[in-house]
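Below is one structure, written out as structure tokens; the observations come after it.
The values are calculated or read from the model by the stated rules, or taken from the named source; none is laboratory data. What you see is a predicted model, and the numbers here were worked out from it, not measured in a lab. In this analysis, Cβ positions are derived from the backbone assuming ideal geometry, glycine residues included, and neighbour counts consider all displayed protein chains.
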Amino acid sequence: MKQTGYRLIALLLLCASSQIWAESAVKGMRMWPAPDHTRLVFDTTAPVEHSLFTLKEPDRLVIDIKDTRLSTDTEQLDYSSSLLTGIRSAQRNGKDLRVVLDLKGAVTPKSFVLRPSQEYGHRLVLDLYDSGSKPEPVRTTLKSISSRQKARDIVIAIDAGHGGDDPGAIGPNGVKEKDVVLAIARKLKKMVDQEPGMSAVMIRDGDYFVGLKKRVKLARQTHKADFLISIHADSFNDARARGSSVYTLSSGGATSERARQLAEKENASDLVGGVSLDDKDDLLASVLLDLSQTATTEASVDVASRVLGEIRAVNKLHKRKVEQAGFRVLKAPDVPSILVETAFISNPAEERNLNSSTHQEKMAKAIMEGVRDYFTDNPPPGTVLAMNKKRKHVISQGETLSAIAEYYQVSLNSLRNLNRLESNTLRVGQVLQIPTDS
Ligand SMILES: [Zn+2]
């Protein structure tokens with residue numbers, strides 16, 4: 001009896017030493033490769049303290065997590081499009097966890113912890129930026145050089161909501177908002193790029209998260225966009241709710257309680273997707289007070305109503321009018337921005353539509369038509385569309401066809417052909433179309 005007791009204690013001690021007594025555990029790991037960084041997310045059972053350091057030849061990053069053990073396997077991660085080649089881990093001092101990342105090259109790491117949010121518990125987020133890569137000013141530089149001589153394209157920033165750790169709303173059959181909105185966004189990009197005088201940029205073009213503030217910054221600063229369109233799918237706890245709606249920013253109150261709640265839900269994206277809380281929003285807060293916002297707001301509402309008008313032909317409308325609320329992704333002070341809730345993913349029929357390529361195409365086309373309609377009427381100065389719009393000439397006293405041809409640097413023949421002129425005789429007040437191709 002006595003001996004059995006000792007044996008039991010010995011067995012317990014053995015268990016204790018192999019089953020390290022750490023406070024918390026890493027119970028899951030996810031990796032999201034983005035164009036400018038690779039994000040590694042550790043799900044932890046409690047808030048953790050950690051430290052990082054890098055090693056050279058070969059490049060490695062070491063993460064020490066205090067009082068933590070690993071209770072997941074790292075084998076399931078796919079490193080192919082990331083900055084990593086492998087992950088190793090070991091226990092240190094009997095209680096700390098050391099994770100070693102084998103890297104393809106030098107990286108600049110950034111790390112932060114996140115409190116529980118929606119489906120996630122505590123997380124430790126690690127962003128690895130490729131140290132060799134420079135920020136991508138190529139496109140804008142080219143634009144600014146060429147824009148001095150030539151009219152430029154109107155740049156449309158297409159923002160597929162959510163991504164990475166943030167799936168957005170999930171339909172009854174498991175369709176994820178982040179996937180269907182990216183599919184619609186890609187179709188829309190193709191259409192915009194085919195449009196003369198317009199080109200599109202994707203704010204997110206893969207399954208990774210981009211913070212809301214960063215989305216605005218990419219549109220305004222990196223791409224100097226003329227317009228931002230954020231694409232989403234709605235959800236509600238009543239599966240019968242359906243239809244599309246279009247929103248613009250309200251700097252004050254929301255136009256309805258539902259709009260306010262929706263903005264709150266979409267803004268929670270930062271917490272779910274993972275944005276460090278010390279990323280302050282000071283710029284956006286202050287510029288909102290700027291009066292120049294008025295023109296942007298008017299333009300936003302105008303495009304939004306035109307887009308809503310086109311969507312009417314494709315899907316039932318949830319709201320007949322454009323509504324306003326405080327969506328963070330629409331907060332660029334000088335870039336008109338709209339947010340489209342394409343349909344309710346919580347409604348089984350609309351979930352199916354959202355997942356259908358044909359329907360995605362129709363939705364993208366409706367958005368395209370609304371945007372084209374607005375910019376044909378209101379082309380920003382210096383753009384190809386502005387030039388085309390201006391290229392009408394009203395004849396005044398004493399003007400000749402050859403003088404007009406010379407002024408616009410077009411051939412007399414093309415001018416005559418376009419306007420179906422039989423002779424060179426003009427009358428005062430007559431409107432001539434000016435060819436654009438010469
Ligand atoms: Zn959304």
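Looking at GLU350, GLU369, which one is more than 16 Å from the ligand (Cβ to nearest atom), acidic (Asp, Glu) and modelled with pLDDT of 95 or more?
GLU369
Here's the yes/no breakdown for (1) free of Cβ contacts under 8 Å to residues at least 24 places away in the same chain; (2) away from the ligand (no atom under 16 Å from the Cβ); (3) buried (at least 23 other Cβ atoms within 10 Å of the Cβ); (4) more than 17 Å from LYS365 (Cα to Cα):
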residue: VAL175; (1), (2), (3), (4): no, no, no, yes
residue: VAL180; (1), (2), (3), (4): no, no, yes, no
residue: ALA183; (1), (2), (3), (4): no, no, no, no
residue: ASP193; (1), (2), (3), (4): yes, yes, no, no
residue: ARG204; (1), (2), (3), (4): no, no, yes, yes
residue: ALA225; (1), (2), (3), (4): no, yes, yes, yes
residue: HIS232; (1), (2), (3), (4): no, no, yes, no
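Search the stretch 341-364 for residues that are more than 18 Å from ARG312 (Cβ to Cβ) and pair each with any residue that is aliphatic (A, V, I, L, M) and more than 15 Å from the ligand (Cβ to nearest atom) when their beta-carbon atoms are under 7 Å apart and the residues are at least 6 apart or on different chains.
The qualifying pairs are SER346/ALA239; PRO348/ALA239.
Can you tell me which residue among LEU385, LEU354, LEU330, LEU415 is over 34 Å from the mean Cα position of the chain (by Cα) and buried (at least 18 other Cβ atoms within 10 Å of the Cβ)?
LEU415
Suppose the filter is more than 12 Å from the ligand (Cβ to nearest atom) and closer than 25 Å to ALA295 by Cβ; does ALA263 pass it?
Spelling it out, it is not the case that ALA263 is more than 12 Å from the ligand (Cβ to nearest atom) and closer than 25 Å to ALA295 by Cβ.
If LYS189 satisfies all but one of (1) touching a Pro at 6+ places or on another chain (Cβ under 7 Å); (2) buried (at least 19 other Cβ atoms within 10 Å of the Cβ), what's the number of the condition it fails?
The single condition LYS189 does not satisfy is (1).
Identify all residues within the stretch 46-73 that are under 18 Å from PHE112 (Cβ atoms) and in a loop (DSSP other than H, G, I, E, B); write none if there are none.
Within the stretch 46-73, ALA46, PRO47, VAL48, GLU49, LYS66 meet the criteria.
Are any of the residues in the stretch 326-345 of a type in the set (Lys, Arg), at pLDDT 95 or above and within 30 Å of PRO380 (Cβ to Cβ)?
Step one: of the stretch 326-345, the residues of a type in the set (Lys, Arg) are 328, 331.
Within this subset, residues satisfying the condition of being at pLDDT 95 or above are none.
No - not one qualifying residue is present in the stretch 326-345.
Please go through the stretch 222-281 and give me each residue that is part of a strand (DSSP E or B) and over 30 Å from ALA349 (Cα atoms), ordered by number.
Hit for the stretch 222-281 is PHE227, nothing else.
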